[in-house]
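To start, the structure itself, in structure tokens.
The values are calculated or read from the model by the stated rules, or taken from the named source; none is laboratory data. Remember, it's a predicted structure, so these values are computed and weren't measured experimentally. Cβ: placed from backbone, ideal geometry, glycine included. Neighbour counts: every protein chain shown.
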């Protein structure tokens, strides 16, 4: 099978998808913005060809590249695993006759108001939402639904540029901020109270073949706005033993069918609170922030290879037996500036070292990243344990023990 893979060299994690495809027997042709010589030897060796383009988000550049490749070999699949690349990839597929995720499905998975409207029509519980082009439409939505409200880019990923507003004054400031950044259209949503998590899958022909349920502590908006918190997300190994997790999986399958997702990785956010389980949003691509590393560690299975095996051979190679839960705790520097040192690492290692998957501590003198940059932007520790509650306690202990000194 000949597979064109978009941007194998950047970000760094991209190489794992290309290597996984090659490991299960695919001929991988990379298309990216880097010079081929800049790619590492292992990655170059895993690909049967490479085509450099000016931009992987340029429809013209990508279509020209794929048509050139098609003039040399039959192309079975075109795969893109970064959110910003998915729409161009879908448009190129349709222009060149390559099967895969359609433009319609990609649009529904990126445009949040359209996504939620399609899911409400399919009976999937979700927050009230609206696409708005003018400020007066936001004020009308606020009058109709009340506060709190969530404002976000229509095609944003994760919590980037997402804002919660609790009153008229905050809404007014948020609208000015969006306008100053050139936003012509945004999504406004009813705020859904409750605990937040995500449900990830690998699907084949519209059916889930692998899945994982993961919890945020605390919810993302709070985690990405509050320095003193050492936030976590933790994937559970209790999915087979819970009616709640079965409800999450059933909702996920309904979302996949409603949006027309066929063979793909997916990443779905959800809330559970006083109104029950509510769908939040979906990406028709793998999750970011190293989630698949945690899923691999919690199952002793290479999830990247599983994804590749499903794409190339049409079925999973191994099952997820879930011997462990696994999670990450982000460790924020006490101030912005440069790392000046750490405390508590040896203490943490002596208590929990056998359960540590890996850890990242930027060197002294390294510039810090802002809190909103995410879970892996600064220091972090990733761990696993057979018992979910024990793992949560260890992650809490790491978050309260290790200090990242900066200034």
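Remarks
- Within the stretch 39-125, helices (runs of 4 or more DSSP H) holding 2 or more residues that are touching a residue at least 24 places away in the same chain (Cβ under 8 Å) and farther than 19 Å from residue 28 by Cβ: 59-70, 83-96, 103-110, 112-121
- Among the residues of this structure, residue 406 does not count as one that is in contact with a helix residue (DSSP H, G or I) (Cβ under 9 Å, 6 or more places away or on another chain), assigned by TED's automatic domain parsing to the domain that holds residue 335 and farther than 19 Å from residue 326 by Cβ.
- The stretch 1-35 - residue that is in a loop (DSSP other than H, G, I, E, B) and crowded, with 22+ Cβ neighbours inside 10 Å and, of those, farthest from the chain's Cα centre (by Cα): 26
- Once the stretch 235-258 is narrowed to residues that are outside any helix (DSSP H, G or I) and farther than 15 Å from residue 269 by Cβ, the residue that is modelled with the lowest pLDDT is 242.
- Members of the stretch 295-305 that are farther than 19 Å from residue 82 by Cβ and touching a strand residue (DSSP E or B) at 6+ places or on another chain (Cβ under 6 Å): 297, 298
- Note on the stretch 62-74: residues that are more than 12 Å from residue 89 (Cβ to Cβ) and crowded, with 18+ Cβ neighbours inside 10 Å total 1.
- Matching residues in the stretch 235-244 - criterion: being surrounded by fewer than 18 Cβ atoms within 10 Å (Cβ to Cβ) and in contact with a strand residue (DSSP E or B) (Cβ under 8 Å, 6 or more places away or on another chain): 238, 244
- Residue, modelled with the highest pLDDT, within the stretch 171-185, restricted to residues that are surrounded by 11 or more Cβ atoms within 10 Å (Cβ to Cβ) and assigned to a loop (DSSP other than H, G, I, E, B): 185
- Listed by position, the strands (runs of 3 or more DSSP E) enclosed by the stretch 308-407 that each have at least 2 residues that are in contact with a strand residue (DSSP E or B) (Cβ under 8 Å, 6 or more places away or on another chain) and surrounded by fewer than 18 Cβ atoms within 10 Å (Cβ to Cβ) are 339-343, 356-360, 403-406.
- Failed criterion for residue 271 (all others in (1) out of contact with any helix residue (DSSP H, G or I) (no Cβ under 8 Å at 6 or more places or on another chain); (2) farther than 30 Å from residue 118 by Cα; (3) buried (at least 20 other Cβ atoms within 10 Å of the Cβ) hold): (2)
- In the stretch 145-170, the residue that is modelled with the lowest pLDDT out of those that are outside any loop (DSSP other than H, G, I, E, B) and under 16 Å from residue 128 (Cβ atoms) is 152.
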